Amino acid sequence: MRIPGSVILICILVLAALLLVALLHTLFVPKKTSDYVPHPDEARARSYAEKLSRMVACDTTSHQGEHDREKFLKFHRLLEELFPLVHQHLEKTEIDGNLLFKWEGKHHDRPLVLMSHQDVVPAEGEWIHAPFSGDIADGKVWGRGASDTKCSVMGFFQAVEELLADGYVPDQDVYLSSSCTEEWAGDGCPKLVNELKRRGVRPWLVCDEGGGIITDPIGGIHGNFAMVGVFEKGKADVRFTAKGTGGHASAPSRGTPIARTSAFVADVEKHNPFRVKMMPEVAAMFRTLAPYAGFGLRYVFENLWLFRGLLTRMMPAISAQGAAMLQTTIAFTMQSGSDAVNVIPQEATVSANMRFIPHQGMDESLDIIQKRAEKYGLTMEVLHKNDYTAPIDIHGEAFQLVQRVIGETFEGVAGSPYVMTGATDARCYQEICDNVVRFAPVIYGPEQMKGMHGINENIEYNCLPGCVDFYKNLIGEMR
């Protein structure tokens, strides 16, 4: 059917009008720049750096399925030396190397939990500074755990230490929680949560690591921004297996196990099986960042009512991290086949890590990928799985309190919700708390982001006073 020219003309005029409205709106929104940098405070920064240095130098590497309690008890003895008032005045509970401190407040109806983990991932490769040296050089503390996440452990212990020295009594109960199995999703944090459940404690707010003050969070957005994780994607480790008859490589047949696993992987890579959708929390992030973008991105971000569909399609070209906030993802990470180069395998496997988004959760996403695998004669085995966590209400009192404390502590920095595409211990607290945020109050620039779980991990120590002040202010705002 031929569309009349008058209809086409009307559509063009309507589109032009919408684009003009969007343009005018963008022009009337003031352009902003994020120029926040830590205020110079060399004496405090150096003092905190020295404490963090000693914490980094204490090796707390954890390994899947291993429980080396003595390693962490050694770290606990160091904490007692560094933060004596915390250990004198707070009620300490140690469970298999995991720590829980209670600071009793005047009231008990809105408890606060400050948390971050003690353990670190193994350190491999060639480092500029030895991974457990804790060297202080070039304005940074170097070593495994400096940024992930002994910096925040130091921050909230130091905050409580200073408040105790001033004779401060919190208005609400405050708990300090630190597991020693976070890096391999072990049973440490669940044990701490079970202890709180046994006591009948239901926290009003939990603040864990995960987010942070991120430098240049999305391509085209420059400066430091407080990115607050409002929920975590779910995750699963899955293995796909193709079977065949095997044989000698001199007489290959078609459709061998490796060929079928390869075809499956290529299909998934080329034809995304998962639905792309922008959740309200992600839309709020784009609106927060919009004034700081160049005109092109600002035009899009400020007018999601018009460009939401376009943005979801173009996001992979802008930011892989941003794209991961819009859909379930699958990353193929391991594969196996024959043990000899001249033998066609009877079996080949490929393994993948999946991350689930709320609009297409664990069960639906696994079903989708299983059906795609079956097209190539592959079976699927789920090695581990857990679904996404419930998001905090970004318009609610708790999230707004965190935003207010960020604004008070880091003057001029914009606070924004965002989706955690990784995993933290915070997910364990979702069972007993409705308001769980993921925010470590330190600056993560490109160098720090690269060093996490990589080589040359470090943190610039000039951001440590702000870290301590954030926790002090958050405790002070609890009413």
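The values are calculated or read from the model by the stated rules, or taken from the named source; none is laboratory data. All values reported here derive from a predicted model rather than from experimental measurement. Don't worry about glycine lacking a Cβ; one is built from the backbone with ideal geometry, like all the others, and counts go over all protein chains shown. Each accessible area value is taken on the protein alone, full model and side chains, heavy atoms only, with ligands, DNA and RNA left out. Shrake-Rupley method; radii C 1.70, N 1.55, O 1.52, S 1.80 Å.
When the accessible area of the chain is computed with all protein chains present and a 1.4 Å probe, what percentage of it is carbon and sulfur?
Working: 11380 of 21090 Å².
It is 54 percent, rounded to a whole number.
Ratio to report: Rg/Rh of the chain, with Cα atoms as the point set and Rh obtained by the Kirkwood method; give two decimals.
Working: Rg = 25.1 Å, Rh = 24.6 Å.
When Rh is taken as the Kirkwood radius, the ratio is 1.02.
Enter the per residue convex hull volume of segment 244-387, computed from alpha-carbon coordinates, in Å³ rounded to the nearest integer. Show your work: numbers first, answer last.
On the way: hull volume 19.6 nm³, N = 144.
Cα-based convex hull of segment 244-387, divided per residue, equals 136 Å³.
Place +1 on the Cβ of every Lys and Arg and -1 on the Cβ of every Asp and Glu in segment 1-154, take the dipole about the Cα centre, and give the residue among H108, F72, I95 whose Cα lies farthest towards its positive end.
H108
Using the Cα gyration tensor of segment 106-242, with a ≥ b ≥ c the square roots of its eigenvalues, what is the shape: rounded (a/c below 1.5), prolate (a/b larger than b/c) or oblate (neither)? Let's see the in-between values first.
Numbers: a/c = 1.60, a/b = 1.22, b/c = 1.31.
Verdict is oblate for segment 106-242.
Any idea of the accessible area per residue across segment 295-367, 1.4 Å probe, to the nearest Å²?
Numbers: 3400 Å² over 73 residues.
About 47 Å² of surface per residue is accessible.
State which entries of K243/K371; K191/K385; K102/K235; K51/K235; K150/K191; K106/K472 exceed 25 angstrom in Cα-Cα distance in the structure shown.
K102/K235; K51/K235
Please list, ordered by chain and number, the residues whose modelled amide H lies under 5 Å from the amide H of V276; skip anything fewer than 5 residues away on the same chain.
none
Can you give the Rg/Rh ratio of segment 1-145, where Rg is from the C-alpha atoms and Rh is the Kirkwood radius? Show your work: numbers first, answer last.
Working: Rg = 27.9 Å, Rh = 21.1 Å.
Computed over Cα atoms, the ratio is 1.32.
Could you run the Karplus curve 6.51 cos²θ - 1.76 cosθ + 1.60 with θ = phi - 60° over segment 195-207 and give me ³J(HN,Hα) per residue in whole Hz, x for Gly and Pro?
5, 5, 4, 4, 7, x, 8, 10, x, 7, 9, 10, 10
Determine the per residue accessible area of segment 216-264 with all protein chains present and a 1.4 angstrom probe, expressed in square angstrom. Write down the numbers at each step before the final one.
On the way: 1970 Å² over 49 residues.
Spelled out: the 1.4 Å probe surface of segment 216-264, per residue, equals 40 Å².
If I take R0 = 22 Å and measure r between the Cβ atoms of L24 and R404 in this structure, what FRET efficiency does the formula 1/(1 + (r/R0)^6) give, to the nearest 0.05? Write down the numbers at each step before the final one.
Numbers: r = 32 Å, r/R0 = 1.45.
E between L24 and R404, to the nearest 0.05, is 0.10.
Could you order the peptides 250-262, 403-415 from most to least packed, using the average number of other C-beta atoms within 10 Å per residue?
Details: 250-262: 15.3, 403-415: 18.1.
Top to bottom by mean Cβ count within 10 Å: 403-415, 250-262.
Label-point separation (nm) for S6 and V382, each offset 7 Å from Cα along Cα-to-Cβ?
With each label placed 7 Å out from Cα toward Cβ, I get 5.7 nm.
Using the beta-carbon distance between H39 and N473 and R0 = 22 Å, what value does 1/(1 + (r/R0)^6) give for FRET efficiency, to the nearest 0.05?
Details: r = 15 Å, r/R0 = 0.66.
Computed FRET efficiency for H39 and N473 comes out at 0.90.
Please compute the Kirkwood hydrodynamic radius over segment 104-155, one decimal place, Å, based on all pairs of different Cα atoms. Walk me through the numbers on the way to the answer.
Numbers: mean 1/r = 0.0754 Å⁻¹.
For segment 104-155, inverting the mean 1/r across all distinct Cα pairs yields 13.3 Å.
How much mean residue ellipticity at 222 nm does the chain get from its helices, if each DSSP H run of length 4 or more adds -39500 (n - 2.57) and you divide by all residues, to the nearest 500 deg cm²/dmol?
After summing the helix terms and dividing by residue count, I get -12000 deg cm²/dmol.
Whole-Å semi-axes of segment 395-479's equivalent ellipsoid, largest first, each the root of 5 times a Cα gyration tensor eigenvalue? Could you put the intermediate results ahead of the total?
Working: eigenvalues 108, 69, 27 Å².
Sorted largest first and rounded, they come to 23, 19, 12 Å.
What relative contact order, as a whole-number percentage, does the chain give when Cα pairs under 8 Å and 6 or more residues apart are counted?
Details: 960 pairs, mean separation 123.6, N = 479.
Computed over the chain, the figure is 26 percent.
Give me the one-decimal Kirkwood hydrodynamic radius in Å for segment 327-468, with the sum taken over alpha-carbon pairs. Each step should come with its number before you reach the end.
Details: mean 1/r = 0.0522 Å⁻¹.
Answer for segment 327-468: a Kirkwood hydrodynamic radius of 19.2 Å.
Starting from one equal scatterer on each C-alpha and no solvent at all, send me the Debye-based log10 I(q)/I(0) for segment 188-328 at q = 0.13, 0.20 Å⁻¹, two decimals.
-0.80, -1.21
Could you calculate, for segment 38-77, the ratio of the Cα radius of gyration to the Kirkwood radius, expressed as Rg to Rh? Don't skip to the answer; put the middle values down first.
Numbers: Rg = 14.5 Å, Rh = 12.2 Å.
So for segment 38-77, dividing Rg by the Kirkwood Rh gives 1.19.
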